[in-house]
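The values are calculated or read from the model by the stated rules, or taken from the named source; none is laboratory data. Remember, it's a predicted structure, so these values are computed and weren't measured experimentally. Cβ placement follows ideal geometry from the backbone for every residue including glycine, while neighbour counts extend to all protein chains displayed. The accessibility values were calculated without ligands, DNA or RNA, using every heavy atom of the protein model including side chains. Shrake-Rupley method; radii C 1.70, N 1.55, O 1.52, S 1.80 Å.
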Amino acid sequence: MGKVGRPRNQTARREALVSAAGRAIAERGLEALRIKDIADAAGVSQGSVLYYYPELDDLVLEVHRDAVESFIASRQRAYDEAPGQEPVARLRALLDSGRPTGSDDPVHGLLYELHRRAGRSPGHAELMTSLFAREVALYATALEVGAATGVFTLAAGAQDLAHGLVALEDGYGLHILSHNAALRPDRTRELITAHARAVTGCAAL
């Protein structure tokens, strides 16, 4: 009997498995995740999953990497496509793109679930740190441009303020996902926008 040939497009198969694993993690959580869940989500056999990813941890790491890249790309688009590309519009776009839309937000839910691995895995910790740094860079750029054009009067260095804004939206995001009735999406938008007004001296936000 001849050997079974490998699929021609292995990259596409891997990408499909990463996407399916992301859906399975979002639905079941990491602790309950099984190879069967990923196979069912992808519409393939468990053997097919193991063929491409013999170690489940390697697949989960790829899901985390894909989630980080997709999320930061969406934030970059929000920044780039802000109306008129004005400093206020760009900062608003960042403020609106960094928090969950609700407790069932699939993107943030997946990211927060995967970030839990950071304490036990250098690979996951690196991805979490990288995402934070890239988000900070977006905010810092928006703040620096606003200050340079005289639109913002910064209360501290742009980098420090950017760190605070990302940490604040991450904290609010956790409460939104945890069903905290005191911190629903609309309320957190009011709070983080008020903070941004205070640290930029810009009432137009």
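Return a yes/no flag: does the stretch 153-164 have any residue that is under 17 Å from GLY98 (Cα atoms) and acidic (Asp, Glu). Checking the stretch 153-164: not a single residue is under 17 Å from GLY98 (Cα atoms) and acidic (Asp, Glu).
Picking from residues in the stretch 119-137 that are without any contact (Cβ under 8 Å) to a residue 12 or more places away in the chain and within 29 Å of ARG90 (Cβ to Cβ), the one that is farthest from the chain's Cα centre (by Cα) is GLU126. Looking for whichever is at pLDDT below 95, farther than 30 Å from GLY146 by Cβ, of a type in the set (A, V, I, L, M, F, W, C) and surrounded by fewer than 17 Cβ atoms within 10 Å (Cβ to Cβ) here; the options are ALA118, ALA41. Which one fits? Testing whether each residue is at pLDDT below 95, farther than 30 Å from GLY146 by Cβ, of a type in the set (A, V, I, L, M, F, W, C) and surrounded by fewer than 17 Cβ atoms within 10 Å (Cβ to Cβ) leaves just ALA118. If you filter the stretch 184-200 down to residues that are farther than 19 Å from VAL88 by Cβ and open to solvent by 30 Å² or more (accessible area, probe 1.4 Å), you find that the one that is nearest to the chain's Cα centre (by Cα) is PRO185. The requirement of being modelled with pLDDT of 95 or more and over 27 Å from THR141 (Cα atoms) is fulfilled nowhere in the stretch 83-97; no residue meets it.
Of everything listed in (1) of a type outside the set (Asp, Glu); (2) without any contact (Cβ under 8 Å) to a residue 60 or more places away in the chain; (3) in a helix (DSSP H, G or I), the single unmet condition for LEU33 is (3).
Among the residues making up the stretch 79-88, none is of a type in the set (Gly, Ala, Ser), open to solvent by less than 20 Å² (accessible area, probe 1.4 Å) and either touching a Cys at 6+ places or on another chain (Cβ under 7 Å) or assigned to a helix (DSSP H, G or I) (or both).
The condition of being surrounded by fewer than 16 Cβ atoms within 10 Å (Cβ to Cβ), touching a Lys or Arg at 6+ places or on another chain (Cβ under 9 Å) and under 30 Å from SER97 (Cβ atoms) holds for only one of ARG14, ARG28, that being ARG28.
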